[in-house]
Structure formats: C-alpha cells, structure tokens
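One structure is given below, encoded as structure tokens.
The values are calculated or read from the model by the stated rules, or taken from the named source; none is laboratory data. Quantities reported herein were computed from a predicted structural model and do not represent experimental measurements. Because the Cβ atoms are built from the backbone with ideal geometry, glycine has one as well, and the counts that use them run over all protein chains shown. When the accessible area is computed, the model is the full protein with side chains, heavy atoms only, and any ligands, DNA or RNA have been set aside. Shrake-Rupley method; radii C 1.70, N 1.55, O 1.52, S 1.80 Å.
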Amino acid sequence: MGTSKEIIVWGKPLDTDSLDNSSSIYLKGLTQEKPTVEWLWEEMDRVWLDKGLDNKKDFAIQDIGGFYSHPVWIANGIFTCIDKESIDHRKAIKDYLVDIKAQNIADYGGGSGVLAEIITANSDINVDIVEPYPFEFFINKYKDNTKIKYVNDFESSNYDVIIAQDVLEHVENPIEMAYQLSKHVKLDGYVIFANCFYPVIKCHLPRTFYLRHTFRLVMTAMGLKYVGRVKGASHALIFQRKNNLNLRKAIVASKVARASQPLIQIASKLKNKFI
C-alpha cells in the first residue's frame, strides 16, 4: 500500500513531493498494467505531436525543451527500471566499467539515473549525470547517494569513461556533440556511445540516420580508437581516446558518409538478401 504522498506507477511507488501537479496528474492517468516498449514509443510520439513538433525542421523554431521536460520522460525512466532488457544492457555496461577498473564516469543525458544507480551499486565508481533537461523527481530520488551527482555541465576533462546512451539520435549535430563529449575524457580513457539511428520514435532525427552504418568510421576520423562492443549490449560501441581530437576531420568524414548513404543502403539490403 502506498502512503498518501505516493502514487503507484507500474508497481513502482513514487513520492509526489518530488513531482509538480501536472506531472502527478499525468502519471496518475497512466495505465496500471506494465506497458510494452512499443506502447511507450507511441506515447512519446503522441506528446511530440501534441507539441506540434517536426523532426525535419530546425529546433531553434520549435519547443524542443517543452518536449524533453514533459513527464513522459519520467514515465520513460520508470519503464527503464522495470524492463528486463533495459536493465540487462545497463548491467552489461557496468560489468565493462568494473573490468577496466573505471573510477570516475560521466553519463551524458542519463537523467533518470537508472544507469548511474546500477553502476554505483556495490562498486567504488562515481558518476556525474550531465543532464540538459533535469527532473527534480530524479534529482531528489538520488540525493542521498553520495556516488551520484547531477551536474549542469562536465566538471572535469579527466573522466575515465563518458557514456552517451540514446543521445546522439536526438540531436541536430551529433558529430559536434560526440566531439564535445569526447573532449572531457582523459587520454587512454574511454567513450561509450549507444546509438539508435533508426526511426523508432519521432524524436529520433532523420538527419542522423546516415550514421547507422558509418558512425564508427567518423569517430575514428575524429581521433578515437575503436575498441569493440559491450558484451551483452552490442549496440554500445566502445572507443578509446589515444590522440588529440580533430573535429574538422570528423565533419569531412561525416559528409562523405552522408553522400555515400544511398550506396551503403543498397549494399546492406543486398547483403541481407543473400545471407
């Protein structure tokens, strides 16, 4: 049974003291049955359309902040806590961090704190959550966890690892964003990018989809060394910073990748046809 200050969403009790009134109303109105990820995607699309957004138009003329500040993202964070696949992927990333003996991590765009909570559990790892659209609900949830800190921007250029999970497909300039993130990892440190350059939901921008098959090559041109994939989370690509980074070379490589996209798509279809 929940207290008078709690609401229950998909079996998870939420403290309403950390929620504004509109968020409480929204979350109370959600179905009480655990949803599928497809339902969650549809709900995100509904909010996107309600905001009148267009993933082919510039963000500067749209209320993108209003979308990413909508409580549907609290729902997304709650879903991540109860979805086995989401948890398994995050545990796999944590296992890799433990294997390489990482100590200081930055999780960019990890506002729900689920990855940070998993990483810091029974470990000596500290995580800075760099979140452009923070929710007070999640900040309060982890306020007593001394290993997790919410920050407005990177507080160091010497992180052991920087993680960007489900981030770059949401931004207009993914190469520039990748460069800015990678600048804050130390030499011989690692950057983990877990991307989804697919039209799964409307907030995945079509202008980023050309990177589906070429992201690794562009990051290599930028100066990162490709290490491999996280075991148990194959969408998470591991890079190591071995040299100074070169944004200009990455942009040139990205232009070549974009121009080559039609040929790469044809080659990919032919490969799938004959496998």
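At the listed q of 0.16, 0.17 Å⁻¹, the Debye profile of region 9-167, built from one uniform point per Cα, gives log10 I(q)/I(0) equal to -0.99, -1.10. Pairwise Cα separations in the chain fall into 5 Å bins from 0 onward with the following percentages, short to long: 1, 5, 11, 15, 18, 17, 14, 10, 5, 2, 1, 0. Only helices enter the 222 nm calculation for the chain: every DSSP H run of n ≥ 4 contributes -39,500 (n - 2.57), and dividing by all residues gives -12500 deg cm²/dmol, rounded to 500. Within region 103-177, the percentage of alpha carbon pairs spaced more than 20 angstrom apart rounds to 26%.
Relative to the compact-globule scaling 2.2 N^0.38 Å, provide the ratio for the alpha-carbon radius of gyration of region 168-256.
Dividing the Cα Rg of region 168-256 by 2.2 N^0.38 Å gives 1.03.
Comparing mean-square fluctuations of ARG229, ARG248, ARG212 from a GNM of the chain with C-alpha springs under 10 Å, the top value falls on ARG248. Let me check I've understood the local charge: for ARG216, count other residues with C-beta under 13 angstrom from its C-beta, Lys and Arg +1, Asp and Glu -1. What total comes out? Charge balance in the 13 Å sphere: +3. Accessible area per residue was computed with a 1.4 Å probe on protein heavy atoms; HIS184 scores about 40 Å².
A compact globular protein would have a Cα radius of gyration near 2.2 N^0.38 Å; the ratio found for region 144-207 is 1.27. If contacts are Cα pairs under 8 angstrom and at least 6 residues apart, what is the relative contact order of the chain in percent? Result for the chain is 15 percent.
For region 45-85 versus region 193-254, the spacing of their alpha-carbon centroids is 23 Å. Comparing SER112, GLY11, ALA178 along the charge dipole axis of the chain, the residue lying farthest to the positive side is ALA178, per the Cβ-charge model.
The alpha-carbon atoms of region 1-43, seen along their principal axes, cover 31, 23, 13 angstrom, with the largest extent given first. Against the main long axis of the alpha-carbon atoms of the chain, helix 72-82 sits at an angle near 90°.
Kindly flag which residue pairs out of LYS101/LYS147; LYS94/LYS143; LYS12/LYS84; LYS12/LYS141; LYS91/LYS242; LYS34/LYS141 have an alpha-carbon separation exceeding 18 Å in this structure.
Those over the limit are LYS94/LYS143; LYS91/LYS242; LYS34/LYS141.
Comparing ILE163, ILE64, ILE129, which has the greatest mean-square fluctuation in the GNM of the chain with Cα pairs linked when under 10 Å apart? Its mean-square fluctuation being the largest, the pick is ILE64. Beta bridges from DSSP with both residues in the chain: antiparallel share about 45 percent, rounded to the nearest 5.
Per-atom-type breakdown for region 131-172 gives carbon and sulfur 42% of the accessible area (1.4 Å probe, protein chains only). With a simple spin-label model that places each label point 7 Å from the Cα along the Cα-to-Cβ direction, the separation between VAL151 and ASP58 comes to 3.2 nm.
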